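Some notes on the structure that comes next.
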Amino acid sequence: MPIPPFSAADLNLVRAILKERYGREVEVQEVETEVRLSPADRELTLCPALFWKDEQEMCAFVVARTGPSAYRAMFYYSVKDRFGTGREEYDSLGDCVVTMLKVQEEVARQRAQETGAPPPGKTTT
């Protein structure tokens, strides 16, 4: 069974969550990504995905739809600096996006503490 694309309602939900997080509109692109749906799978499956960047935090985000009501999330700062949420899959798009944003915020805070710099988007006074 093919994996359905994201609906207009899905896109509106993600855009609303991002606007709440950032206080502004964020461009969300519909893309495709290859995903190994099961660890035992040898083949990758082409899945619809949503992609956006936060230039201020120099971070990119991907949410892949892996089934009719199944989603996976990751964010990355570079090819070698990728993160997930600690959960393989979500059955709610909203929960997937909100959790990923919370995890990314914590990672950004930890990265800033390690470098002694203010978190991205913050200024010192």
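Could you identify the single residue in 111, 42 that is within 24 Å of residue 20 (Cα to Cα) and either out of contact with any helix residue (DSSP H, G or I) (no Cβ under 6 Å at 6 or more places or on another chain) or outside any helix (DSSP H, G or I) (or both)?
The match here is 111.
Can you run down the residue pairs with Cβ atoms below 7 Å, 6 or more apart or on separate chains, where the first is in region 2-23 and part of a loop (DSSP other than H, G, I, E, B) and the partner is hydroxyl-bearing (Ser, Thr, Tyr)?
3/66
For (1) touching an Asp or Glu at 6+ places or on another chain (Cβ under 6 Å); (2) of a type outside the set (S, T, N, Q); (3) within 23 Å of residue 5 (Cβ to Cβ), each residue gets a yes or a no:
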| site | (1), (2), (3) |
| --- | --- |
| 34 | no, yes, yes |
| 44 | yes, yes, yes |
| 56 | no, no, no |
| 64 | no, yes, yes |
| 72 | yes, yes, yes |
| 116 | no, yes, no |
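With the requirement that a residue be over 14 Å from residue 53 (Cα atoms) and touching a residue at least 12 places away in the same chain (Cβ under 8 Å), what does region 73-83 give you?
83, the sole residue that qualifies.
Would you point out the residue of region 8-47, among those that are within 21 Å of residue 66 (Cα to Cα), surrounded by fewer than 11 Cβ atoms within 10 Å (Cβ to Cβ) and of a type outside the set (S, T, N, Q), that is modelled with the lowest pLDDT?
Here the residue is 39.
State which residue pairs qualify: first residue closer than 28 Å to residue 9 by Cβ and inside region 30-41, second residue of a type in the set (Val, Ile, Thr) in any location, beta carbons under 6 Å apart, and separation of 6 or more residues or different chains.
So the pair list comes out as 35/45; 35/66; 37/45; 37/66.
Which of the residues spanning region 48-70 are more than 10 Å from the chain's Cα centre (by Cα), farther than 23 Å from residue 109 by Cβ and surrounded by 17 or more Cβ atoms within 10 Å (Cβ to Cβ)?
Answer for region 48-70, where residues must be more than 10 Å from the chain's Cα centre (by Cα), farther than 23 Å from residue 109 by Cβ and surrounded by 17 or more Cβ atoms within 10 Å (Cβ to Cβ): 48, 65, 66, 70.
If you scan region 80-104, which residues turn out to be in a loop (DSSP other than H, G, I, E, B) and surrounded by fewer than 17 Cβ atoms within 10 Å (Cβ to Cβ)? Walk me through it before giving the result.
Of the residues in region 80-104, the ones in a loop (DSSP other than H, G, I, E, B) are 80, 84-89, 91-92.
Those that are in a loop (DSSP other than H, G, I, E, B) and surrounded by fewer than 17 Cβ atoms within 10 Å (Cβ to Cβ): 80, 84, 86, 87, 88, 89, 91, 92.
The values are calculated or read from the model by the stated rules, or taken from the named source; none is laboratory data. Predicted, not measured: the structure shown is a model, and the values here were computed from it. Heads up, the Cβs are rebuilt from the backbone with ideal geometry, glycines too, and the neighbour counts pull from every protein chain shown.
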